[in-house]
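J.: Just dropping this structure here.
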Amino acid sequence: MVGGSEVSYPVTSGLHTFKWSYAKDGNAIGGLDRVYVDNILFPPITPIPDPPDIATTPTMFTKSLTINTSASDQLFVTNNGELPLDYTAEVVYVASNKSPANVYPLNASYNTGSATVSAKTQTSLVKGYPTTEAGWMKFDVTGIPDGATINAVEFHGYVNAANYPYWNINPVTNDPVTATPSVLYNDIMAESSSGYYLYRSETSTYTTGWKVHTLGGNANANLQAALTQNWFAIGIMDRDNSSAYYIGFDGWSQTNKPYLIVTYTYVPPYTWLTVNGTNTTSGTVQPGTDQQISVGFEAGALALGTYTANIKITSNDPVKPQLLIPCTLAVTTGTTVNLTVMLESLYNGAGEMRKAQDAAGNHFTGNTADQISVELHDPANYNSIVYTSGSVNLSTTGAATVSIPVTYSGSYYLTIKHRNSIETITAAPVTLNGGTISYNFCSSANQAFGSNLLNINGVFIIYGADCNQDGTTDALDMIEVGNAKAAGVTGYTTTDLNGDGLVNDSDLILLQNNASSFVMCKKP
C-alpha cells in the first residue's frame, strides 16, 4: 500500500470538467489494488456582482405656479445594484398635440362650397364643373401648434360625381367664408397651370369614392405659414373647357366629410424645466447609494395653462435602460404681491443693497442682489404653512415680486425667509383676493410683526446672521461661522453673513453684534 500525498494543479478561468481515472496494473495481485481520491478542495468562487439597478424618487412631479414665479424640487437616483450606475437625465418637452393630426372643415356654411365669378353657388358641396364653377375646402388647423414644422399633407376627399376629369388642387390665400365670389373664384383658378398642389388627368374609368393624394408644391410651407391664422384652404377645379367633364366632392355637411392628415414636428419654444440648472445632466451612482438632481420649474412669462414634459433617464441598468419621470406645470392666475425688503447682510447704508458674491464675483446676473422665499401662514395657527413660493429674485433696490396662485385667497401672514437672515413676518395678516398688492417692510418698524426690524437712518431692514435658520442669532451660529472661517470657506454660502464671498472676521462681527442684542424671530 502506497501512502497518500497532496497535489495541486493550476486552473485557468473559465468552464472546466474535472475527471479522475485509475489504470490497473495487471502484474500486481496483492494489496487493495485500488486508488482513493479524498479531500478535494476547490478555491472559493467569487459570485458575479449584480448589475446596476436604478430607482428614482419621486416617480413624477406636479407644480402649480403663477406667472414670473419659480420653484425647485429634488429627484433622487438610487443604485440598488452591486456595480456603478452611469446615467444621463434629459428634459424632453411634450407638445399638447401629437403628430400626425387629422384636420377637418368647421361645421358651418362656406367652410366648403362652390362659386362662380359672380356668386357662391354651394354652401357645402365642392364642385369642379367647367366652364364656370370651382370649389374650395377650408380646414381648421387650430389643433396644430404654432411654430410646428409641416412634413407632409395628405388629402382625403370623397368624390360624389366624376366624368373623365382633368383636375387640380390649388392654393387659396383668401378666406373663403368672407371673400367675395369674384375674388375667391379667381384665387382658386390662379394656379391652374403652375403653382398647384396636385395636378391630375384621370381616365374614363375614374369612379366615385374616397380619394387619397399627397399634396406637393408649396403645400407644406403654405400650411406652416397659415398656422397662426388657424385655417388653411385649398381650391378644387377642373381644367377641361367643356361642361361634359367634371369632378365633385362631399363637403362639411355631407356624409363623407373631407379631411387632411398632417404630419409635423414640434419643439416647444419654452424652457420651463431644468435638471441641475440645465437641459441635461449626467452622473455615476455607486452601489447602495443615491445621487440628488435639482429639478427647477420656472413659469416666467408663459401663457396661462398646463404644460407637460418628461425627465428621460437613460442608464446602464440592463433591465431599465430608460425611465421617464412625468412633469406637469400649471401656470395659473392669482395675486401679485410687490414687496420691498432690505437685508442687513447686504445693506450698504445708501438705500440699496450690494450684490451677493461667490468665489468668482457676482452670484446673480442683472440687478438681482440675492433671493428670498415667501410663505403664507394660517392666521389662526401660524405654525401651519399653507403655501411656499420658490426662489424669488430680490433686486438691489429691495424690490421683489411673487405671484400667489388663485387657490390661496383670503388673509394670511406673509413670511420672508432668506438663507442667513432672521425670519420676518408681516405685522398682521394680508388679504389676497386677486389683482396686485404691495407691502413695504422698509417704511416702518411696525410693518413687521413685533416691530422686528433694524432701523438704519430711517430705512427698516431685516436682521441677518442666522446662518442655521433656527430663528435666533447665538452661539450655534458662531460655531458654524467660526468653523467655516478656520477652514477658509469661500463662495455663496450661508456662513458668509455679509455676502462678500468670504467667511472672515467681518461675518463674526455682524453675528456678535446681533447675538449680544438677542436678535431673534418674533412670531404671532
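The values are calculated or read from the model by the stated rules, or taken from the named source; none is laboratory data. Everything numeric in this text was worked out from a predicted model, so none of it was measured. In this analysis, Cβ positions are derived from the backbone assuming ideal geometry, glycine residues included, and neighbour counts consider all displayed protein chains. The protein model used for the area step is the full one, side chains on, heavy atoms only, and it has no ligands, DNA or RNA in it. Shrake-Rupley method; radii C 1.70, N 1.55, O 1.52, S 1.80 Å.
J.: Would you kindly find the accessible area of residue 202, with a 1.4 Å probe and non-protein molecules such as ligands, DNA and RNA excluded, rounding to the nearest 10 Å²?
T.: 20 Å²
J.: What FRET efficiency comes out for the pair residue 433/residue 391, r = Cβ-Cβ distance, R0 = 30 Å, nearest 0.05?
T.: According to the calculation, E is roughly 0.75.
J.: Another question, then. Along the Cα-to-C-beta direction of residue 78, a point sits 7 Å from the Cα; which residues of region 253-289 have their amide N less than 20 Å from that point?
T.: Residues 283-289 qualify, since their backbone N sits under 20 Å from the label point.
J.: Here's something else I'd like to know. Describe numerically, in nm with one decimal, the distance between label points set 7 Å from Cα along Cα→Cβ at residue 62 and at residue 292.
T.: Spacing of the two 7 Å Cα→Cβ label points: 2.5 nm.
J.: Also: Go through 220-228, 398-406, 435-443 and give me the packing order, highest mean Cβ count within 10 Å leading.
T.: Per-residue mean Cβ counts within 10 Å order the peptides as 398-406, 220-228, 435-443.
J.: What does the charge dipole of the chain about its Cα centre add up to, to the nearest 20 debye, if the Cβ of each Lys and Arg holds +1 and the Cβ of each Asp and Glu holds -1?
T.: Its charge dipole is roughly 1500 debye.
J.: I want the local charge near residue 314. Using Cβ-Cβ distances under 14 Å, sum +1 for each Lys or Arg and -1 for each Asp or Glu among the other residues.
T.: Charge balance near residue 314 sits at -1.
J.: Just to confirm a number: summing +1 for Lys and Arg and -1 for Asp and Glu over residues other than residue 173 whose beta-carbon lies under 13 angstrom from that of residue 173, what do you get?
T.: Neighbourhood net charge equals -2.
J.: So between residue 333 and residue 478, what do we pick up on full extension, going 0.36 nm a residue minus the alpha carbon distance?
T.: Gain in length upon complete extension: 47.9 nm.
J.: How large is ³J(HN,Hα) for each residue in region 272-277, as worked out from phi by the Karplus curve 6.51 cos²θ - 1.76 cosθ + 1.60 (θ = phi - 60°), to whole Hz, x for Gly and Pro?
T.: 3J(HN,Hα) across region 272-277, in whole Hz: 7, 10, 9, 10, 6, x.
J.: Still on this model: What order, most packed first, do the peptides 184-197, 259-272, 126-139 have when packing is the mean number of other Cβ atoms within 10 Å of each residue? Don't skip to the end; give the middle numbers.
T.: Numbers: 184-197: 18.6, 259-272: 16.9, 126-139: 22.7.
Answer by packing, highest mean first, reads 126-139, 184-197, 259-272.
J.: Run the paramagnetic zone check for residue 244: 7 angstrom along Cα to Cβ, then residues of region 177-211 with backbone nitrogen under 15 Å.
T.: Of the residues in region 177-211, 204-205 have backbone N under 15 Å from the label point off residue 244.
J.: For the pair residue 265 and residue 312, how long in nm is the line joining their label points, each one 7 Å along Cα→Cβ?
T.: Distance between label points: 1.2 nm.
J.: Would you mind telling me the share, in percent, of accessible area of the chain contributed by carbon and sulfur at probe 1.4 angstrom?
T.: Taking all protein chains in place, the chain shows 52 percent carbon and sulfur surface.
J.: From the Cα gyration tensor of region 228-384, with a ≥ b ≥ c the square roots of its eigenvalues, which class applies: rounded if a/c is under 1.5, or else prolate if a/b is larger than b/c, or else oblate? List each step's numbers first, then the result.
T.: On the way: a/c = 2.87, a/b = 1.95, b/c = 1.47.
Since a/c reaches 1.5 and a/b is larger than b/c, the shape of region 228-384 is classed as prolate.
J.: Counting other Cβ atoms within 10 Å, which chymotrypsin sites (Phe, Trp or Tyr not before Pro) in region 311-418 have at most 16 and lie in a DSSP loop?
T.: 408
J.: Separate question: For region 373-472, take N as its residue count and report Rg(C-alpha) divided by 2.2 N^0.38 Å. Before the final figure, lay out the partial values.
T.: Working: Rg = 13.3 Å, N = 100, 2.2 N^0.38 = 12.7 Å.
In units of the globular-protein estimate, region 373-472 measures up at 1.05.
J.: Report the per residue volume, in Å³, of the convex hull enclosing the C-alpha atoms of the chain.
T.: Numbers: hull volume 178.0 nm³, N = 524.
Per-residue hull volume (Cα only) is 340 Å³.
J.: If amide hydrogens are placed 1.01 Å from N in the peptide plane, which non-local residues have theirs closer than 5 Å to the one on residue 113?
T.: 136
J.: Let me ask another. Based on the Cβ-Cβ distance from residue 35 to residue 55, what FRET efficiency comes out when R0 is 51 Å, to the nearest 0.05? It would help to have the intermediate numbers written out before the result.
T.: Working: r = 56 Å, r/R0 = 1.09.
After rounding, the FRET efficiency stands at 0.35.
J.: Still on this structure, I have one more. Keeping all protein chains in place, calculate the accessible area per residue for the chain (probe 1.4 angstrom), answer in Å².
T.: Using a 1.4 Å probe on heavy atoms only, each residue of the chain averages 50 Å².
J.: Straight-line reach from residue 320: which aspartates and glutamates fall under 17 Å, measuring Cα to Cα and dropping same-chain residues less than 8 apart?
T.: Cross-link targets: 50, 53, 82, 86, 90, 290.
J.: By the gyration tensor of its Cα atoms, with a ≥ b ≥ c the square roots of the eigenvalues, what is the shape of region 115-227: rounded for a/c under 1.5, prolate for a/b over b/c, or oblate?
T.: Here region 115-227 falls in the oblate category.
J.: Also, quick follow-up: Between beta-carbons, use under 13 Å as the cut-off and find the net charge around residue 412, counting Lys and Arg +1, Asp and Glu -1.
T.: The answer is -2.
J.: Right, here's the next one. Taking 7 Å along the Cα-to-C-beta vector as the label spot, tell me the residue 17-residue 151 distance in nanometres, rounded to one decimal.
T.: About 5.5 nm separates the two model spin labels.
J.: Right, next: Distance check, please: which entries in 355/522; 417/522; 211/257 exceed 23 angstrom between their Cα atoms?
T.: Table pairs above 23 Å Cα-Cα are 355/522.
J.: OK, next. Using a 7 Å offset from Cα along Cα-Cβ at residue 201, what residues in region 147-165 end up with backbone N under 13 Å from the label point?
T.: Answer for this model: 165.
J.: For an R0 of 25 angstrom, estimate the FRET efficiency from the Cβ-Cβ distance between residue 276 and residue 383 and round to the nearest 0.05. Spell out each step's value before the answer.
T.: Details: r = 33 Å, r/R0 = 1.32.
Working from the Cβ atoms, E equals 0.15.
J.: So what's the back-of-envelope 222 nm ellipticity for the chain, counting only DSSP H runs of four-plus at -39500 (n - 2.57) apiece and dividing by all residues, rounded to 500?
T.: Per the formula, -2500 deg cm²/dmol.
J.: Could you size up the charge dipole of region 222-373 around its Cα centre, putting +1 on the beta carbon of Lys and Arg and -1 on that of Asp and Glu, and report it in debye to the nearest 20?
T.: Roughly 180 debye for region 222-373.
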